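This report concerns only the one structure given below.
Coordinate-derived values only; no laboratory data. Predicted model only: the values in this text are computed from it and were never measured. Cβ placement follows ideal geometry from the backbone for every residue including glycine, while neighbour counts extend to all protein chains displayed.
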Amino acid sequence: MKLELVSTLALNRDELLRAFDGLSEKEITTIPVVGCDASSPSKLYSGSCRAPIGDDASWTIKDTIGHISYWEQVIHAHVRESFAEGKPRRMSDKDPNDAINAREAKRRKNWKWARVRAEFENTRGALIARVESLSEMDLSFVVPNPWWNQNGFYSVAQMIEDDAIGHCREHIEQIRNWKLEIRG
């Protein structure tokens, strides 16, 4: 389980990086790719896209990578809390998902692309290192789901698979769809 999870985390990271391979820094940092109807490229440039961050602009690839980094830091904290406190801390209803996304997008707005990319690579590297430090038994440890409106339990390994890898896959798909629509 551990070797497979480490491998999947690394492959997922590489898949994300390949999703925007060949794009210029300007394309990565200025063109909205998430929050738009990918089936209508004219909306990308018309300003009629609905923003995923509660703002009047959609996310660029840079914004999306920053978003992934933030949530992976939260997941890393959930893993840490699972062992330090016996369970991850539940996400507060006082700080809803959209508000967090808006806050974190705003926080990274003026960051250089190199800094955002480094944050992602460092965050994913830290998560991989954390998994490597855990035993198979640790990865099987069952904890309550910490996310809003989520009940039930899952293993630490499933937490990482669902919440880090699965979340990243969603955004990889969005970037790929945008690239296919725009570049063919």
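Taking a Cβ cut-off of under 13 Å around ALA126, the surrounding Lys, Arg, Asp and Glu residues balance to a net charge of 0, with basic ones at +1 and acidic ones at -1. Note on LYS62: lysines with a C-alpha under 16 Å away, same-chain residues under 8 apart excluded, are LYS26, LYS106, LYS109, LYS112, LYS179. The ranking of ASP63, ASP95 from fewest to most other beta carbons within 10 Å of each one's beta carbon is ASP95, ASP63. Annotation: the stretch 114-184 has a Kirkwood hydrodynamic radius of 14.3 angstrom, from the mean reciprocal C-alpha pair distance. With helices as the sole contributors, the chain gives -19500 deg cm²/dmol at 222 nm; each DSSP H run of n ≥ 4 counts as -39500 (n - 2.57), and the sum is divided by every residue. Near LEU3, once Lys and Arg are set to +1 and Asp and Glu to -1 for all other residues with Cβ below 11 Å from its Cβ, the sum equals -2. The residues packed around ARG13, meaning those with a beta-carbon under 12 Å from its beta-carbon, carry a net charge of 0 if Lys and Arg are +1 and Asp and Glu are -1. The P(r) of the chain has a tail past 23 Å containing 44 percent of all C-alpha pairs.
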